Amino acid sequence: MANQAEERPARLAEPRLARELKTMEAMLRIACRDRHGTADGLCDACTALIEYAARRLALCPYGAEKPTCANCRIHCYGPRQRERVRDVMRYAGPRMMLRHPVLAIMHVVDGRRPAPPKPNEGLAAAATSAGAEPKPESTVAAGPSPDGTSALTGTDQSAPSSAAANRSATNGCRSSSFSPTPMK
Ligand code: SF4
Ligand SMILES: [Zn+2]
C-alpha cells in the first residue's frame, strides 16, 4: 500500500490544490526575493515552509472542495507556520495582483465561496437528522495530517497548545485575501 509521501504528488495534481500550491509558492518567491535576497528559487526557510504547506494541502480533508485556508473551519497549520504564512501574505498579497494577476483573481474568487462544514460536523448533522445522538466532536475519527497528527482537530506536532485551543485558533492563511493593503 502506498504511503502518504508516495500519494502526495497525485493528490497535489488535483487542479484546485495544484493552483493553491502554485499561489503559495508565488507569494513565497516574492517575499523571499525581496526580503531574503534570494535571486532565484527559495531560501532554506522558505523551502521548508512551502514543503510544509504542500504536506498540509495534500492531506486537506476537504480535498478539491477546500475553502481558502483563510476561511477554513479546521485550521490545520501549526502556530509557527501559521505566523510565517500570515507574514508572507501580508507582504506578498498586495503585490500578487501586479505580478500574478490570474492567480490573485482566482484566489479572491475562491475566498468568496462559503466554507463547507467540518467533515465531522457533516457526520453530526446526518446523525441528528437520522434521530441519533451526535457524537462529541472529539470522538469522531479524524483524518491524518501531513505530520501524522489529526488534521481535523487542528493539532500539529509543533503545536504546544491543546486541540481545543487549536480549534478556536485562526489560521495564518486568514490574511490570504489579496487586499490592496496589507492585513493589520
Ligand atoms: S487550513 Fe483548512 S483548508 Fe487549509 S489545508 Fe488545512 S484543513 Fe485544508
Ligand atoms: Zn526566503
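Please treat every number below as a calculation from the coordinates, not as lab data. The shown structure was predicted, so the numbers you read here are calculated from the model rather than taken from an experiment. A quick note on method: Cβ atoms are made from the backbone with ideal geometry, for glycine too, and the neighbour counts reach across all protein chains shown.
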> What residue, among those in segment 22-56 that are within 16 Å of ligand 1 (Cβ to nearest atom) and among the acidic types (Asp, Glu), is farthest from Gln81 (Cα to Cα)?
Replying inline: Glu25
> Consider Gln4 against the criteria (1) under 22 Å from Lys118 (Cβ atoms); (2) free of Cβ contacts under 8 Å to residues at least 12 places away in the same chain: it satisfies all of them except one. Which criterion is unmet?
Replying inline: (2)
> Taking into account only those residues within segment 36-78 that are of a type in the set (A, V, I, L, M) and in contact with a Phe, Trp or Tyr (Cβ under 9 Å, 6 or more places away or on another chain), which is nearest to ligand 2 (Cβ to nearest atom)?
Replying inline: Ala53
